[in-house]
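Where a number appears in this text, it was derived from the coordinates with a stated rule and is not lab data. Predicted, not measured: the structure shown is a model, and the values here were computed from it. Cβ coordinates were reconstructed from backbone atoms using ideal geometry, including for glycine residues, and neighbour counts include every protein chain displayed.
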Amino acid sequence: MLSGKSGAGKSTFIRLLKRGDINNRNAILIDGKESVDKLGKQFIAVKADKKLGTSSNVLEQITGKETLIEMSEEEKQKLREVLQEVKLDSEKIETELSSKDYNQFSTGQKKRLSLAQALYRTTENPSIILVDEPVGNVEDELIEKQLKSIIQAIKDVGAMGIVVTHRVDLAQKYVDKHYYIEDDGVMREKKIKEKENGEIEK
């Protein structure tokens, strides 16, 4: 987990990972063997609160397939599991994804659809998954569930996940390491330890 005050440089750090840093050549080590300037095609970046576009139907934006007919049974099952995770598991939702425009969904559904895209994409088996503010503007009762779902999805595919979030209180329950960008601009690791009651503290 990466955290810090607004303007501390969290998004800049993520941008450097994706696009490279001319001042630090070959500073990124991938899978313990390859030193690179930037992550290249080794990563996917997801933002759960982003708005899906209207240039293609919602199903294609989530799965890459325009219709359910184009999807394999494995892909359909994966989609159903993701929709269940984000509480969009009604009987008609799969059909609506390929027939309704994104703007025809309610505000709450739009946020869940964006999260569904993020969760579905974690199955593409990248080495690194970058998640910028995974909870975004969602109702409080969904925040912890979303964080847990995204982090678990990253672990399930065996990738390294970098989660940028301001909800430190919730995210630290599920991450293995926590880095914080201090006021002086230096990124330092903060300890995560387990209390006797099983909760996690910094």
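Find the residue count for the range 27-49, including only residues that are surrounded by 11 or more Cβ atoms within 10 Å (Cβ to Cβ) and either in a loop (DSSP other than H, G, I, E, B) or charged (D, E, K, R) (or both).
Here is the first cut: in the range 27-49, the residues surrounded by 11 or more Cβ atoms within 10 Å (Cβ to Cβ) are 27-28, 30, 34, 36-40, 42-49.
Subsequent filtering for residues that are either in a loop (DSSP other than H, G, I, E, B) or charged (D, E, K, R) (or both) retains 27, 34, 37-39, 47-49.
Selection size over the range 27-49: 8.
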Those residues that are under 18 Å from the mean Cα position of the chain (by Cα) and in a loop (DSSP other than H, G, I, E, B), I need them from the range 1-26; list them, please. Met1
Residue satisfying condition, being within 30 Å of Gln104 (Cβ to Cβ) and acidic (Asp, Glu), within set Glu34, Glu60: Glu60
Selection count, the range 14-45, where residues are free of Cβ contacts under 8 Å to residues at least 60 places away in the same chain and aliphatic (A, V, I, L, M): 6
Just to check your reading of the model, which residue among Ile30, Ile44, Ile22 is aliphatic (A, V, I, L, M), over 30 Å from Gln172 (Cβ atoms) and out of contact with any Phe, Trp or Tyr (no Cβ under 7 Å at 6 or more places or on another chain)? Ile22
